[in-house]
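The values are calculated or read from the model by the stated rules, or taken from the named source; none is laboratory data. Small disclaimer: the values here were computed from a predicted structure and weren't measured. Counting neighbours? That spans all protein chains shown, and the Cβs are built from the backbone with ideal geometry, glycine included.
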Amino acid sequence: MRKIITLLLTLVITSINILAQDQSDEATIKQVLVDFKTAIITNDSEVASELLHDEVEILEGRTKESKEQYLSHHFHSDGRFLSAIERVDLSQDIKIEGNVAWVSTITAMTGTYNYNEIDLTSLELAVLKKQENDWKIIALHWSSR
């Protein structure tokens, strides 16, 4: 009986630790994505670069870009666009398996950009990889309608 109680206590403590770690990772992952969007809006390519994995692949529209390509091109126009419109996250789902997480976010975007009225739904799929206790964005896919 004593062994069963010890085993049950060990399982409960292990489960609590795993749940706490998952919640901590989830909060960190959310913050990485918030910090990345803030870096885009404030045109802070240094911060954005730190949050992107060196081997990141970014899919947007009809293009696939590396970290260097994105930061030297679309990063700046994305910042102008995002700073001009209102954004409301409609949903966000985070899945974590080991050192990999994927986050799907649906955002309503409204406002005026380049004299055009914007009213669209944006879909984002972000994949993050944990390296040395840091979560880095390793893949991004954006689409809108």
I want to confirm something. Restricting to the stretch 102-113 and keeping residues that are over 14 Å from residue 36 (Cβ atoms) and in contact (Cβ under 8 Å) with a residue 24 or more places away in the chain, which single residue is surrounded by the most Cβ atoms within 10 Å (Cβ to Cβ)? 109
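Is it the case, given these coordinates, that residue 26 is touching a residue at least 60 places away in the same chain (Cβ under 8 Å) and surrounded by fewer than 18 Cβ atoms within 10 Å (Cβ to Cβ)?
Working: touching a residue at least 60 places away in the same chain (Cβ under 8 Å): yes; surrounded by fewer than 18 Cβ atoms within 10 Å (Cβ to Cβ): yes.
Here the answer is yes, as residue 26 does meet what is asked.
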Among the candidates 74, 141, residue that is in contact (Cβ under 8 Å) with a residue 60 or more places away in the chain and within 19 Å of residue 38 (Cα to Cα): 141
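Conditions tested, residue by residue: (1) closer than 18 Å to residue 30 by Cα; (2) of a type outside the set (Val, Ile, Thr).
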{"residue": "57", "(1), (2)": "no, yes"}
{"residue": "65", "(1), (2)": "no, yes"}
{"residue": "103", "(1), (2)": "yes, no"}
{"residue": "116", "(1), (2)": "no, yes"}
{"residue": "119", "(1), (2)": "no, yes"}
{"residue": "126", "(1), (2)": "yes, yes"}
{"residue": "144", "(1), (2)": "no, yes"}
Which residues, taken from the stretch 34-65, are of a type outside the set (D, E, K, R) and part of a strand (DSSP E or B)? 52, 53, 56, 58, 59, 63
Of all residues making up the stretch 66-121, the number that are of a type in the set (Gly, Ala, Ser), more than 16 Å from the chain's Cα centre (by Cα) and assigned to a strand (DSSP E or B): 2
Every listed condition ((1) closer than 23 Å to residue 143 by Cβ; (2) β-branched (Val, Ile, Thr); (3) exposed (fewer than 15 other Cβ atoms within 10 Å of the Cβ); (4) modelled with pLDDT of 95 or more) holds for residue 63 save (4)
